[in-house]
1. Inspect all residues belonging to region 442-464 and state whether any of them is closer than 29 Å to C47 by Cα, of a type in the set (S, T, N, Q), part of a helix (DSSP H, G or I) and modelled with pLDDT of 80 or more.
2. Among A96, A105, which is at pLDDT 80 or above, farther than 25 Å from I401 by Cβ and assigned by TED's automatic domain parsing to the domain that holds D347?
3. If the requirement is being touching a Phe, Trp or Tyr at 6+ places or on another chain (Cβ under 7 Å) and either part of a strand (DSSP E or B) or farther than 16 Å from Q840 by Cβ (or both), which of these qualifies: I878, I887?
4. Where in region 213-282 are the helices (runs of 4 or more DSSP H), entirely inside, with at least 2 residues that are modelled with pLDDT under 85, surrounded by fewer than 19 Cβ atoms within 10 Å (Cβ to Cβ) and out of contact with any Pro (no Cβ under 8 Å at 6 or more places or on another chain)?
5. I'd like to check which strands (runs of 3 or more DSSP E) are fully inside region 644-713 and have at least 2 residues that are farther than 16 Å from R628 by Cβ and touching a residue at least 60 places away in the same chain (Cβ under 8 Å).
6. Quick check: is even one residue across region 1064-1079 among the basic types (K, R), in contact with a helix residue (DSSP H, G or I) (Cβ under 9 Å, 6 or more places away or on another chain) and in the same structural domain as D995 (by TED's automatic domain parsing)?
7. In region 645-661, which residues are closer than 25 Å to E715 by Cβ and not β-branched (V, I, T)?
8. Might you check whether a residue that is at pLDDT 85 or above and within 26 Å of I401 (Cβ to Cβ) occurs anywhere in region 84-93?
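The values are calculated or read from the model by the stated rules, or taken from the named source; none is laboratory data. Keep in mind the model is a prediction, meaning the values are calculated, not measured. In this analysis, Cβ positions are derived from the backbone assuming ideal geometry, glycine residues included, and neighbour counts consider all displayed protein chains.
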Amino acid sequence: MSMPWIMALIYVAMMFAGTALAHRYRQALHNSSWRIYAYTLAFAVYCTSWTYFGAVGSAATGGWDFLPIYLGPILLMALGGRFLRRLNVEVHKEGATSISDFIAARFGKSRSVAALVTMIALFGTIPYIALQLRSVALSFALVSGTPESTGPLLVAAVVLAIFAIVFGARRYQVSGQNEAILFAIAFESVLKLGAILLVSGLAVWLLWTIPDRQALTSLEHFRGRFALDTLDADFLVTMLVSVMAIVCLPRHFFISVTQARHPDDILRARWGFIAYLVITVLAVLPIAGAGVATLDRGAMPDLFVISLPQQFGFDRLTLFVFLGGISAAVAMVVTETVAISSMISNDLFAPILLRRSTREVHLGEQLLWIRRSTIIGLMAAAAGYAMLTPSATQLASVGLIAFVAMAQCTPALIFAVYRTDNDALAAKGSLMVGFLLWFVLLFLPTISGNHIGEDARDMIPFAAFEHLSPVTSGALISLSGNLLAYMLLAARKVGKEGIGKVHIRHRGVSSISTVAGLVDLVTRFVGMELATEAFGPDSDRARPIDRASVRTAERLIGSVVGVPSARAIMASAISGQGMGLADVTQMLDASGQSLHFSQGLLAATLENIDIGVSAVDRDLRLIAWNGRYLELFTYPPGLVRIGVPIAELIRYNAERGDCGPGEVDSHVARRLDHMRSRQQHSFERYRADGRVIKTVGGPMPDGGYVMSFTDITMEAQARAATETARKNLESAVAERTAELSEVNDKLARAMRDKTRFLAAASHDLLQPLHAAMLFSAALRRRLEPPEQAILARLDRSIEAANDLLRALLDISKLDAGGVQIAPDRFAVRPLLVDLAESFQPLAAEKGLRLRIGPSDGWVECDRTLLRSIMQNFLSNAIRYTEQGGVIIAARRRGARIQLAVYDSGIGIPPDKLTDIFREFERLGQAAETGIGLGLAIVERSAPLVGGTITVRSWPGKGSVFSISLPRVAQAAVPPKPTVDLANSSGVSRHLLVVDDDPTNRDAMRLVLDGLGHRCITAADEQEALDCAGVFDGALIDFHLGNGRNGIDLIDALRVKRPCLPFALVTAEGGQAMLEQARTRGVAVLPKPLTLAMLDQWIAAQTLVD
């Protein structure tokens, strides 16, 4: 047996042994900090025999032609970090197991889309695997010195198939990390890089020592191939195809996405991969140059890597390089066949099995055998393709053809990453068109012996592309057709596909309504052990299914058959349990919206939190822990390991005194009892070193137990300090509380006194004014016009005193918070019209024009307070305006309305604009001045109506006072009955007047007599009840003394006189009194009572009669 055969067998044996060892310690490797480096090195699965052998051949014959396949991935990794991370995140969200699974999940979970992606990957993979087998055969022939034959090729196919089956198809689930393959590929990446670097070093030495002039001439020709003017469109297209292909290659998707523990892993690994590619590029150039300069012209450029050391007698290096070529082939073939076999079994065979299977069939086991058979079939097809490929075809050409095939999936993948609900029909059309064009233009010519893509260039109508290579032409045509088909189909104007597809029934999938049925269904795919572990051995199997259980079942089934098939299976199973179509769809869609934590993401999370975590299995043996756990307990080396009984760790801590006082055995037994009873527990452990550790434990569904350990030393110290401070502060707080209580009592007494004063003032202070107003009204009818003018001055003095007292009371109520708000929705224009009519005589008396703006709007606030604000604005405007006019208007300002009063008065200096809102502040610039309380009331009232006050003034020109309020929608307002006072003229009424003040009674009698009415007066409730006769109305004071009020009297009189109209004549303005009067239908006439208001009420009663 020749040395190459012996070395190859030794290498294969070591490869099997090393991978088996990695599989045995897969859990430790998964948790190891070295895993990220293995993950990074595994990215070099991209560097196959094409880059190991073919890149040197491309550089030697085509110059720049070798660089795009490196430059494309370098640019993607350097500039596309956000895209790559999002790709990882979205794939793990969907729980996808392959690129076809992910794309199909984002295109309506379409099985057809998954099948098309799988077919493209299959046909793109066969040439690529064939390339690896052919490179092994060629290198073996060169190393062994024998003619090229199919023997090594077939042996390599068989060995690689066995390796892929043993380590890549040994379990039902496709998803999850495969540490054995990951670390095996990482080792092979180091091996092939080391081999090519050694040959590159030899090449540099040869180039340095070349004495032959002819060799130098050949080297000059080689350098000429790297002139910048040789760069063409082929370079750019090949680079673009490399960028598109690397994200779609099944093997690279398998490594970079499914083997990532966390989405950020790819961001860390990409820089190492870039460095790997750059080193490889730098190694290729001297090898190609040395091969051109020193080897015979008959030497194959693709085998310069082996020919160089062999030509110059470096036999050991030759064998090492031969093994490096084998490692490059092994890494690619194993990962590619594992990834493609799962895609074929899930996307092509699973739908058929689901339609034909019965309930007794274990579908997971069937699919596992299909994956194994697929691996064998793939290797056989690749071997056949390699034997049919003409020997003159360069390795680089075959590799690029495979890249173009996988690039057909890139548009669909990009849409899948950024959108969740894509157009399945458009995807199917684009994939089919691109694949057919690739198949006709590039795939068939390679096995038929025709020149690759000879007719492709003729299909491009642009003269600028006449000099493209056949492969580049085929790539452009197929990718353009792909994109054009997608755009045309996506632009169609049709409705979206319904969700009725979820009701397709599958033979052997019965309707399910309970968790027990779900467990039985899942068992057919993943086996009893995993199904029980997922749903829990002690769970209530008879309970109805819910979203959580459906999501668990779909995830487990999807790990075997893929997302689209899993969704169809679950829809078929639960649609028969009485759920409506919308309910089935909502339950299934919930799984797509849930956050799916992969094992890698969970592990990365646990390693980056400040909490120690450990987990034991149902036998109370340690199965997992994180780094923080080791830091907290500082166990001796070797004590913490997979499978160690947790009792040993507890005993070690107890012996150190970390479990507190007591017997060691007691501590161990108590903690083990917690775990065996599967009860949650939480306690704080005070350790001998002064640290405080909080332990929280709880059961896991598979019968195990998980515990977390948190160092809360600082928290415990803070609690102790807080408790000490609390005790020290208790006495101080008690003293301060007593002081504050005393102050609060004083404030409360003061507030009660102020409230009583306001109540008394509102009645007693206004009583004399009320009597004076009535006497003045009675006297006016008996005087001649000259004397009436004098009496008018008396009325104005009374009104001024009334305004002063009311302003003082309003200020006090506003400051004390005693104003009751009564919001109402009303139009502002009637309010403005009423104010204008009220102030029109006063404006006319000063020769001023008083106008109203045309706008209107609705507000919702206290009507009385708003009227008071606008009345103060209007009163000040007339008072401080000597000539010109005053305008009162409402203007809409977006969602608000502004009520404003414009005047042409004396204006206000800028430095006084804030002073005018202080109590008793008067500028004294006009002939007539107010009391200085109006604007103080305005400032306090504005917040109560939700308004904002604004003042603008120009000295000598005028001022604008406005309030801005929120505008509301118009409310339906019932028409109000109108009272025609003229109809009451000459009608005499018999009235009852009740007031505890004799002066008020006398004044009211004089007024009523003057109006032609008759009245009987009473001083208290009893006199009023004793009055005999028939009355047409009753005017009653609210405060009657002796704890009684007018409401009480009205209630008593209504018993005897139910139809008698009543009116309260009072200075009281409390909301409670107004509400009582409103509910009883009693009118309220405020004191001081004007003659017009009194006459209006009497006229209203006459109109009612």
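1. Restricting attention to region 442-464, the residues satisfying the condition of being closer than 29 Å to C47 by Cα are 442-454, 456.
From what is left, the residues that are of a type in the set (S, T, N, Q) are 446, 448, 450.
If we keep only those that are part of a helix (DSSP H, G or I) as well, we get 446, 448.
Subset that is modelled with pLDDT of 80 or more: none.
No: region 442-464 contains no residue that is closer than 29 Å to C47 by Cα, of a type in the set (S, T, N, Q), part of a helix (DSSP H, G or I) and modelled with pLDDT of 80 or more.
2. Result: A105 is the single residue among A96, A105 that is at pLDDT 80 or above, farther than 25 Å from I401 by Cβ and assigned by TED's automatic domain parsing to the domain that holds D347.
3. I887
4. On the way: elements: 213-224, 233-246, 250-253.
Where helices (runs of 4 or more DSSP H) fall fully within region 213-282 and carry at least 2 residues being modelled with pLDDT under 85, surrounded by fewer than 19 Cβ atoms within 10 Å (Cβ to Cβ) and out of contact with any Pro (no Cβ under 8 Å at 6 or more places or on another chain), they are 213-224.
5. Values: elements: 681-686, 692-699, 705-711.
Passing ranges: none, list empty.
6. Start the filter on region 1064-1079 by keeping residues that are among the basic types (K, R), which leaves 1078.
Okay, now just the ones that are also in contact with a helix residue (DSSP H, G or I) (Cβ under 9 Å, 6 or more places away or on another chain), so none.
Checked against the condition, which is being among the basic types (K, R), in contact with a helix residue (DSSP H, G or I) (Cβ under 9 Å, 6 or more places away or on another chain) and in the same structural domain as D995 (by TED's automatic domain parsing), region 1064-1079 yields no hits at all.
7. Here is the first cut: in region 645-661, the residues closer than 25 Å to E715 by Cβ are 649-650, 653-654, 656-661.
Passing the criteria: L649, N653, A654, R656, G657, D658, C659, G660, P661.
8. Yes, the conditions are met somewhere in region 84-93.
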